[in-house]
Amino acid sequence: MSELTRGFTDGEEVLRLERLRKTYNPGTPLELEVLHALDLRLARGELAALIGPSGSGKSTLLNVIGLLDSPSAGELYLLGQPTRAMDDAQRTRLRNQAIGFVFQFHHLIPAFSVLDNVLMPLMIRHGKPTPGDIARARELLDAVGLADFAQKKANQISGGQQQRVAIARALVTQPALLLADEPTGNLDTRTAEGVFELFRRFNREFGCAVLVVTHDPRLSASCARTIELVDGSIVSDQANPPPRPA
Ligand SMILES: Nc1ncnc2c1ncn2[C@@H]1O[C@H](COP(=O)(O)OP(=O)(O)O)[C@@H](O)[C@H]1O
Ligand SMILES: [Mg+2]
């Protein structure tokens, strides 16, 4: 792990939302504000669960934070940088530099090898992978328990294994912020717990901030902090008691 540890300082700000709003279909009869003036701050080293009923705006919020979609008002700071005024190229660069994303459906490229899937964000960044890139990708595959699967095609492994590959891929750029949208939504309880254990471990070892959407109260309680979104507003945001030793 040592190569991958970046030694982020806890407490440094990774994410800040100020009065952030998102409106779909503005100026049309279908106009709908789904995020209402959200304020939120996430620091390096934090592990936070985002919970809330279906339709409350969790995916919208993650997509906006991940620079996949734009806010309609307010400001979104990533690594201290205001993002509203950025153009597409600047947003793409910041996303690739600062953010790892894990989706409910892994979005791996089925015909590519597991290793090439993990390398993809680095290839997008600078083309042909360097020996250092390959070493890092292999180290991450080892960390998610898939060292022996590097050369398998992504469609030849199980759903739980695919989600582990997606996590390795999200972390290969050493992001300051890892976003995960219901990453265990399709997995059985034990596999889901294993995936969460990876988030806890990478949060601890890499010091990246993690914001993960889950419906499972046991999984959210295993995060240090739980943020609850209802109808596009944050209705609670609290620290969870540390897990009791087994
Ligand atoms: N692309 C879109 N266009 C219009 N409305 C959308 C779009 N995406 C989501 N919504 C609406 O925004 C609200 C929040 O959705 P979403 O962010 O997916 O919630 P969650 O992830 O908490 O289930 C819902 O009412 C949903 O129908
Ligand atoms: Mg969702």
Among helices (runs of 4 or more DSSP H) entirely inside the range 46-133, those with 2 or more residues being away from ligand 1 (no atom under 16 Å from the Cβ) and loosely packed, with under 13 Cβ neighbours inside 10 Å are 88-98, 114-126
Residues in the range 84-108 that are within 16 Å of ligand 2 (Cβ to nearest atom), touching an Asp or Glu at 6+ places or on another chain (Cβ under 9 Å) and not polar (S, T, N, Q) total 3
Selection over the range 134-164 where residues are under 20 Å from the mean Cα position of the chain (by Cα), hydrophobic (A, V, I, L, M, F, W, C), closer than 18 Å to Glu197 by Cα and assigned to a helix (DSSP H, G or I) yields a count of 3
The residue that is farthest from ligand 2 (Cβ to nearest atom), considering only those in the range 22-45 that are of a type in the set (A, V, I, L, M) and surrounded by 15 or more Cβ atoms within 10 Å (Cβ to Cβ), is Ala43
| task | Determine if the range 166-176 includes at least one residue that is at pLDDT 90 or above, buried (at least 21 other Cβ atoms within 10 Å of the Cβ) and within 16 Å of ligand 2 (Cβ to nearest atom). | result | no
In the set Leu187, Leu229, Leu211, Leu179, the lone residue that is modelled with pLDDT under 95 and of a type outside the set (S, T, N, Q) is Leu187
Selection over the range 130-182 where residues are on the phi > 0 side of the Ramachandran plot and in contact with a strand residue (DSSP E or B) (Cβ under 7 Å, 6 or more places away or on another chain) yields a count of 1
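So for the range 57-77 (the condition being out of contact with any strand residue (DSSP E or B) (no Cβ under 9 Å at 6 or more places or on another chain), within 16 Å of ligand 2 (Cβ to nearest atom), closer than 27 Å to His215 by Cβ and of a type in the set (S, T, N, Q)), does at least one residue qualify? Step through it out loud before you land on a result.
Pass one, the range 57-77, residues out of contact with any strand residue (DSSP E or B) (no Cβ under 9 Å at 6 or more places or on another chain): none.
Checked against the condition, which is being out of contact with any strand residue (DSSP E or B) (no Cβ under 9 Å at 6 or more places or on another chain), within 16 Å of ligand 2 (Cβ to nearest atom), closer than 27 Å to His215 by Cβ and of a type in the set (S, T, N, Q), the range 57-77 yields no hits at all.
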Taking the range 201-223 and keeping only residues that are more than 16 Å from ligand 2 (Cβ to nearest atom) and surrounded by 18 or more Cβ atoms within 10 Å (Cβ to Cβ), one is left with Phe202, Asn203, Phe206, Gly207, Cys208, Ala209, Val210, Ser222, Cys223
* Can Asp148 be described as within 16 Å of ligand 2 (Cβ to nearest atom) and either surrounded by fewer than 17 Cβ atoms within 10 Å (Cβ to Cβ) or among the aromatic types (Phe, Trp, Tyr) (or both)? -> no
Being of a type outside the set (Ser, Thr, Tyr), at pLDDT 95 or above and in contact with a helix residue (DSSP H, G or I) (Cβ under 9 Å, 6 or more places away or on another chain) narrows Gly45, Gly57, Gly74, Gly66 down to just Gly66
Test result for Val14, among the aliphatic types (A, V, I, L, M), under 30 Å from Gly132 (Cα atoms) and either surrounded by fewer than 12 Cβ atoms within 10 Å (Cβ to Cβ) or at pLDDT 95 or above (or both): yes
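Could you please let me know if Pro29 is of a type outside the set (Gly, Ala, Ser), within 16 Å of ligand 1 (Cβ to nearest atom) and free of Cβ contacts under 8 Å to residues at least 12 places away in the same chain?
Details: of a type outside the set (Gly, Ala, Ser): yes; within 16 Å of ligand 1 (Cβ to nearest atom): yes; free of Cβ contacts under 8 Å to residues at least 12 places away in the same chain: yes.
Taking the combined requirement at face value, the residue satisfies it.
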Selection over the range 178-211 where residues are of a type in the set (Val, Ile, Thr), over 12 Å from Ile167 (Cα atoms) and either within 16 Å of ligand 1 (Cβ to nearest atom) or in a loop (DSSP other than H, G, I, E, B) (or both) yields a count of 0
Open item on the list: Suppose the filter is within 21 Å of Val165 (Cβ to Cβ) and touching a Gly at 6+ places or on another chain (Cβ under 6 Å); does Gln104 pass it?
Closed with: yes
Taking the range 23-59 and keeping residues within 30 Å of Pro243 (Cβ to Cβ) and of a type in the set (Val, Ile, Thr) leaves Ile51
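The values are calculated or read from the model by the stated rules, or taken from the named source; none is laboratory data. What you are looking at is a predicted structure, and each value in this text was computed from that prediction instead of being measured. In this analysis, Cβ positions are derived from the backbone assuming ideal geometry, glycine residues included, and neighbour counts consider all displayed protein chains.
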